[in-house]
Amino acid sequence: MASSVIVSVRLRPFLGREKGPAVLQVKGNTANIQIDVEQLYGAPEVAERQFVYDVCFDQETGQETVYEQVGQPILHNCLAGFNGSLFAYGQTGSGKSFSIMGLESDPGIIPRFCQQLMAFVYQDTREEPSSEMRVTVSFLEIYNEEINDLLDPTRPRQKRLYVHQHPKLGVYVPHLTEAAATTAAECTRLLAFGQKIRATAQTNMNSTSSRSHSVLTLRLTQVFP
């Protein structure tokens, strides 16, 4: 993909309590939404609005397809030496957690990303392979304007973490836990550990809605001969 920023949208299926025809349809990379437009006289008229994205996924799109088009290009860019970020945005209950994490039987982008990354760590199949790869994991949440280390829940709250910007290191959080990972299972275990202590609360759309923003960072170090 030529652009450095790719915007994708994914439609989720109806929930059991939701009724009525769908007002949003996907055609190629275009999302078409039907809205009621009030008229001076008579009933509202239905009008269609179009929104164009780089990639659109409909309700039938599977997790593997989403990973191949969203997650896999990020992995390839990281192996080429570039930073990559995946930002999930949407209202509670819109399917962010399912797309990013998925289920044990139907994993999302991050578990699939870790699985493929660790496959490269064990066997680099590129034409110019690295002689060594190391992966570390950090996981934080931003809650009530405070940064919490999700891999070190025993950290005293009075020792606050702050975001810093360094001319060489870039944006980073000093003293944030970075745990080494050598297998995809270790990445998943660290992520599951942090997920359990995130701040959650019940909403009308989601019984375990996250009340915070979280940032998972995988740092890849490659050594070439």
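The values are calculated or read from the model by the stated rules, or taken from the named source; none is laboratory data. From a predicted model like this one, the values you see are computed outputs, not experimental measurements. Here Cβ is always computed from backbone atoms with ideal geometry, including for glycine, and neighbour counts include all displayed protein chains. In case anyone asks, the SASA skips ligands and DNA or RNA and just uses the protein heavy atoms, side chains included. Shrake-Rupley method; radii C 1.70, N 1.55, O 1.52, S 1.80 Å.
Across the range 214-220, coupling constants 3J(HN,Hα) worked out from phi with the 6.51/-1.76/1.60 Karplus curve, θ = phi - 60°, read 10, 10, 9, 10, 10, 9, 9 Hz, and Gly and Pro carry x.
Select from Gly194, Gly62, Gly71 the residue whose mean-square fluctuation is largest in a Gaussian network model of the chain (Cα-Cα springs shorter than 10 Å). Maximum among the listed residues: Gly62. On a per residue basis, the chain carries 69 Å² of accessible surface, using protein heavy atoms and a 1.4 Å probe. Which of the three applies to the range 152-200, rounded, prolate or oblate, going by the alpha-carbon gyration tensor with a ≥ b ≥ c and a/c under 1.5 meaning rounded? Note, shape of the range 152-200 comes out oblate. Taking all Cα pairs closer than 8 Å and separated by 6 or more residues, the relative contact order of the chain comes to 17 percent. From the Cα gyration tensor of the range 4-44, with a ≥ b ≥ c the square roots of its eigenvalues, which class applies: rounded if a/c is under 1.5, or else prolate if a/b is larger than b/c, or else oblate? It is oblate, given that a/c is not under 1.5 and a/b is not larger than b/c.
Couplings for the range 71-78, taken from phi via the Karplus curve 6.51 cos²θ - 1.76 cosθ + 1.60 with θ = phi - 60°, read x, 4, x, 5, 4, 4, 5, 5 Hz in order; Gly and Pro are left as x. Annotation: cysteines of the chain without a disulfide-compatible partner (Cβ-Cβ under 4.7 angstrom) are Cys56, Cys78. Take every Cα pair under 8 Å whose residues are at least 6 apart in sequence, average their separation, divide by the length of the range 64-135, and the relative contact order is 27 percent. GNM on the chain, alpha-carbon springs under 10 angstrom: the most fluctuating residue among Glu145, Glu64, Glu38 is Glu38.
Based on the Cβ-Cβ distance of Gln34 and Val7, what FRET efficiency does E = 1/(1 + (r/R0)^6) give at R0 = 30 Å, to the nearest 0.05? Efficiency, from the Cβ-Cβ distance: 0.90. Averaging 1/r over every pair of different alpha carbons in the range 94-192 and inverting the result gives a Kirkwood radius of 15.8 Å. At an R0 of 35 angstrom, the distance between the Cβ atoms of Val171 and Thr92 translates into a FRET efficiency of 0.85. Pairs of Lys residues in the chain, spaced 8 or more positions apart or belonging to different chains, with C-alpha separations under 28 angstrom: 6 in total.
At full extension, Thr136 and Tyr41 could sit 27.9 nm farther apart than now, given 0.36 nm per residue minus the alpha carbon distance.
Once the Cα atoms of helix 184-196 and of the chain are each reduced to a long axis, what angle between those two axes, in degrees from 0 to 90 to the nearest 10, is obtained? Its long axis makes an angle of about 60 degrees. Tell me the angle of helix 109-122 to the major Cα principal axis of the chain, expressed in degrees between 0 and 90 and rounded to the nearest ten. That works out to roughly 30 degrees. Taking Lys and Arg as +1 and Asp and Glu as -1, the other residues whose beta-carbon sits under 10 Å from that of Thr136 total +1. Taking amide hydrogens as placed 1.01 Å from N in the peptide plane, the amide H of Thr182 sits under 5 Å from that of no residue at least 5 positions away in sequence or on another chain. Surface composition of the chain: carbon plus sulfur atoms contribute 51% of the solvent-accessible area (1.4 Å probe, protein chains only, all chains present).
For Kirkwood radius over Cα pairs in Å, pick the label among (1) 20.2; (2) 17.7; (3) 28.3 that corresponds to the value derived from the coordinates. Answer label, from the structure shown: (1).
So if I take the centroid of the Cα atoms in the range 4-81 and the same for the range 82-98, what is the distance between those two points in Å? With the range 4-81 and the range 82-98 each reduced to a Cα centre, they are spaced 14 Å.
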